[in-house]
Amino acid sequence: MNLNHQHTTSKGDTYCLEAMKTREHSTPTKKPTSPKPENAITIAVSSRVLFNMDLEQQIFEQKGMEEYLKYQIDHETELFKPGPAFPFIKALEAVNAQLRDLYPESEELFDVVLMTNNHAHVGIRLINSINHYKLFIERFCMTGGNSPIGYLKAYHTNLYLSADSVKVREAIEEGIAAATMFSSEKVTQVSETQLRVAFDGDAVLFSDESERIYKTQGLDKFFEHEKAHENKPLDHGPLKGFLEVLGKLQRKFYAKGHRMDCPIRTYLVTARSAASSGSRALKTLRAWGLETDEALFLAGAPKGPMLAKIKPHIFFDDQMFHIEGAAELGTVAAHVPYGIAQKLPPKKTKDAKETDSPPK
Amino acid sequence: MDPKVRNSAETKQSGSALVTAVSCHDIFDLSAHQTDYNPLPKGAAFSFISAVQAVNQRLVKHNENETLQFEVILLGKDCEEQIKSKIFDSAKHYGLKIGKFYFCSRGEFVRTLQANSVKLFLSTDRDDVYGALQAGVPAALLCQQADQQVQDQLKVLFSGDLIGLSEDFIDCLKDFGFSAVQIQNFKAAKGCIREFAALIGEMRKRFGCEDSPLHTILITVLGSRDVCATALKTLRGWGLDVDEAFCLAGAPRNPILTTIQPHILWDDGLHNMKGVSPLMGMSS
């Protein structure tokens, strides 16, 4: 029995059992079914990236768990403000609506799961806020302090977004695409109908093998190496799988004639240069049977201004330097803590237009 | 005929003790050749006893006069005489603090539970658990631990969509193919778990938010997030603020259970009722 979902009367109306609860509803309410985890594209988000919990986080850090929980319970009916992942989640729902129109029987949809370390005491406040914003999040795990990794796997999670970089790192080590998100002062308006996702190349879509060469042997060696191995596909990085599922959904739209106005658009935003090292990146994608709608080769130029033009709902990069640069200009950027860039200090240059500037 | 009762020297006569009855077959391995051994080998749910004793130890540490502790009594169905002695000796050997041992016939075990103010009956045998629930005895599944390793927390899980549904709505379930008997059973199950939930809730409050030897968990399997929210509020009203909450909204339950590894699983049975009408085909 499916308590929250469709029941068909003799007249063919569908209504959800939830509506039966009060018996006062004479008009049917339609609530879409949550897809089965193995069919869906599961996006797990923590509470702090879904909503802004900066104040509460401060209370936790300064006054401890008991005070934090007490605060949450005392303010249970107060709404949270949207967090960094909020526009991304809304865009996922917009894509779902369009997918349902075109493929009403299909379960290949985004399924957003709230995956939080939070104590269940905070549950009611979170559900109240989810209800207010009419988010389609029916599934949640409030682990009361336990690691989310087992649950991420149980839900066949395709992407995990959290404010906690330790958990994100753990997830990546377990082969789950994941990124850390941060609150930001400035956030630009993004599309409500077209989901836009931007990816860095090395150590995000691709492995960090080439970046290692740059970091340990310098720029010249990097160019040499990339040229010599131009036709050898790079190894895959932690977000390759996510690009793959986005591509799969895009093809569903193309099949119904929505190539030009596809509600999903992907971007490669790399510091590789179009003239040289960029070639290997494109050939790798092609070898994988993947593509991005746009590929931007910045040859070391800062990514911020380009991203501000693209206005993606989320941008994945493995280097905090780029994350910060993006955020400064209002782009929601998520850090992928993977590869060599995490172990060595960042190389920052003042003038990125010089030819000997770093590839990222 | 009265069941044979043996009292150990450690019986606690305490009004607010959480009297928990466990089947011998779960604590010791009583299968064919294993009973040759003395002490008996550990059973599937042996680690449960260790976890319970750890909770009791912590309770007493906070307050040496603590009366709200787990009081474990052991229930043996159709046990031969020599097995009974081995059970008694094995309990002593492993240092299990067991207050009472009840040996009765299969037919009497529900009555035995009813006669002894058992706050919770635990068994790995699903039929035993539902039999007890139908007779109004609060009962839950005792889960086999994956590795027999001792977890540092006793995990008590309520799989309770019913808790999140109002009495009126449960009545409405007849419109969805459930029989009057089934609906009565749902209400009985919900009713009799309340006291146990309240006791566990009170016990949980003896510990702080972090570093508790006792962890309480709510899962709703089929209901929407609002059903889960109502269940959280209902449990709170009964005196239990759970530590962890999961809303599956139709997702399979087993992968989540495997990750949680609860010791005690109270299941309202709503999602795995046999013989329900076709539209209710959700698997758990």
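The values are calculated or read from the model by the stated rules, or taken from the named source; none is laboratory data. Everything numeric in this text was worked out from a predicted model, so none of it was measured. Counting neighbours? That spans all protein chains shown, and the Cβs are built from the backbone with ideal geometry, glycine included.
Values computed for the structure shown
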| read-out | value |
| --- | --- |
| Selection count where residues are of a type in the set (Gly, Ala, Ser), part of a loop (DSSP other than H, G, I, E, B) and over 19 Å from the mean Cα position of the chain (by Cα), scope the stretch B:233-269 | 3 |
| Criterion (within 14 Å of chain A (Cβ to nearest Cβ) and assigned to a helix (DSSP H, G or I)) met by exactly one of B:THR216, B:THR230 | B:THR230 |
| Residue list for the stretch B:56-111, restricted to those being touching a Phe, Trp or Tyr at 6+ places or on another chain (Cβ under 8 Å), among the aliphatic types (A, V, I, L, M) and within 20 Å of B:ASP128 (Cα to Cα) | B:ILE73, B:LEU74, B:LEU75 |
| Criterion violated by B:ASP243 - all others in (1) more than 7 Å from chain A (Cβ to nearest Cβ); (2) modelled with pLDDT of 85 or more satisfied | (1) |
| Search result, residues across the stretch A:252-264 that are more than 13 Å from A:LEU109 (Cα to Cα) and in a helix (DSSP H, G or I) | A:TYR254, A:ALA255 |
| Residue selected from the stretch A:95-144 under the condition in a helix (DSSP H, G or I) and among the basic types (Lys, Arg), by the criterion farthest from the chain's Cα centre (by Cα) | A:ARG125 |
| The stretch B:30-54: number of residues that are touching a strand residue (DSSP E or B) at 6+ places or on another chain (Cβ under 6 Å) and more than 14 Å from B:LEU74 (Cβ to Cβ) | 1 |
| The stretch A:153-162: number of residues that are more than 14 Å from every other protein chain (Cβ to nearest Cβ) and surrounded by fewer than 24 Cβ atoms within 10 Å (Cβ to Cβ) | 1 |
| Sole exception among (1) crowded, with 22+ Cβ neighbours inside 10 Å; (2) within 14 Å of chain B (Cβ to nearest Cβ) for A:MET181, by number | (2) |
| In the stretch B:195-209, residue surrounded by the most Cβ atoms within 10 Å (Cβ to Cβ) [restricted to those that are in a helix (DSSP H, G or I) and basic (Lys, Arg)] | B:ARG204 |
| A:ALA271 being modelled with pLDDT of 95 or more and crowded, with 21+ Cβ neighbours inside 10 Å | no |
| Selection status of A:LYS227, of a type in the set (Lys, Arg), at pLDDT 95 or above and in a helix (DSSP H, G or I) | no |
| Conditions (1) modelled with pLDDT under 95; (2) at the interface with another protein chain (Cβ under 7 Å from one of its Cβ atoms): number failed by B:GLY269 | (2) |
| Pair list, Cβ under 8 Å, 6 or more apart: the stretch B:49-67 residue touching a residue at least 12 places away in the same chain (Cβ under 8 Å), other residue assigned to a helix (DSSP H, G or I) | B:ILE49/B:ILE27; B:VAL55/B:MET203; B:LEU59/B:MET203; B:GLU66/B:LEU59; B:GLU66/B:VAL60 |
| Selected residue [more than 14 Å from chain B (Cβ to nearest Cβ) and either within 28 Å of B:ASN254 (Cα to Cα) or not aliphatic (A, V, I, L, M) (or both)] from A:ILE124, A:ILE172, A:ILE130, A:ILE149 | A:ILE172 |
| Criterion violated by B:LYS205 - all others in (1) under 19 Å from B:LEU154 (Cα atoms); (2) more than 9 Å from chain A (Cβ to nearest Cβ); (3) in contact with a strand residue (DSSP E or B) (Cβ under 9 Å, 6 or more places away or on another chain) satisfied | (3) |
| Selected residue [at negative phi and touching a Cys at 6+ places or on another chain (Cβ under 9 Å)] from B:LEU96, B:LEU74 | B:LEU74 |
| Near pairs, Cβ below 6 angstrom, 6+ apart or cross-chain, from the stretch A:243-258 (farther than 15 Å from A:ALA40 by Cβ) to any residue that is modelled with pLDDT under 95 and of a type in the set (Phe, Trp, Tyr) | none |
| Residue within the stretch B:164-182 that is part of a loop (DSSP other than H, G, I, E, B), within 14 Å of another protein chain (Cβ to nearest Cβ) and among the charged types (D, E, K, R) present | no |
| Within the stretch A:266-286, considering residues that are in a helix (DSSP H, G or I) and hydrophobic (A, V, I, L, M, F, W, C), the one nearest to A:LEU92 (Cα to Cα) | A:LEU285 |
| One residue from B:SER85, B:SER47, B:SER90 being farther than 22 Å from B:ALA115 by Cβ, out of contact with any His (no Cβ under 8 Å at 6 or more places or on another chain), crowded, with 18+ Cβ neighbours inside 10 Å and not β-branched (Val, Ile, Thr) | B:SER90 |
| Answer residue from the stretch B:50-82, given it is touching a Gly at 6+ places or on another chain (Cβ under 8 Å) and either surrounded by 19 or more Cβ atoms within 10 Å (Cβ to Cβ) or among the charged types (D, E, K, R) (or both) and is farthest from B:ARG206 (Cα to Cα) among those | B:ILE73 |
| Only listed residue being crowded, with 22+ Cβ neighbours inside 10 Å and among the small types (Gly, Ala, Ser), chosen from A:GLY83, A:GLY150 | A:GLY83 |
| Elements of type helices (runs of 4 or more DSSP H) in the stretch A:33-77, at least 1 residues being within 30 Å of A:GLU244 (Cβ to Cβ), in contact (Cβ under 8 Å) with a residue 40 or more places away in the chain and more than 14 Å from chain B (Cβ to nearest Cβ) | A:47-50 |
| Spans of helices (runs of 4 or more DSSP H) in the stretch B:39-137 with at least 2 residues of a type in the set (Asp, Glu) and over 17 Å from the mean Cα position of the chain (by Cα) | B:81-93 |
| Output for the stretch B:233-256, where each listed residue is under 15 Å from A:CYS141 (Cβ atoms) and either touching a residue at least 40 places away in the same chain (Cβ under 8 Å) or of a type in the set (Phe, Trp, Tyr) (or both) | B:VAL242, B:PHE246, B:ARG253 |
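This table checks each residue for (1) at positive phi; (2) surrounded by 19 or more Cβ atoms within 10 Å (Cβ to Cβ); (3) modelled with pLDDT of 90 or more.
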{"residue": "A:ARG196", "(1), (2), (3)": "no, yes, yes"}
{"residue": "A:ILE213", "(1), (2), (3)": "no, yes, yes"}
{"residue": "A:GLN217", "(1), (2), (3)": "no, no, yes"}
{"residue": "A:PHE222", "(1), (2), (3)": "no, yes, yes"}
{"residue": "A:PRO233", "(1), (2), (3)": "no, no, yes"}
{"residue": "A:GLY241", "(1), (2), (3)": "no, no, yes"}
{"residue": "A:ARG251", "(1), (2), (3)": "no, no, yes"}
{"residue": "A:ALA287", "(1), (2), (3)": "no, no, yes"}
{"residue": "A:GLY300", "(1), (2), (3)": "yes, yes, no"}
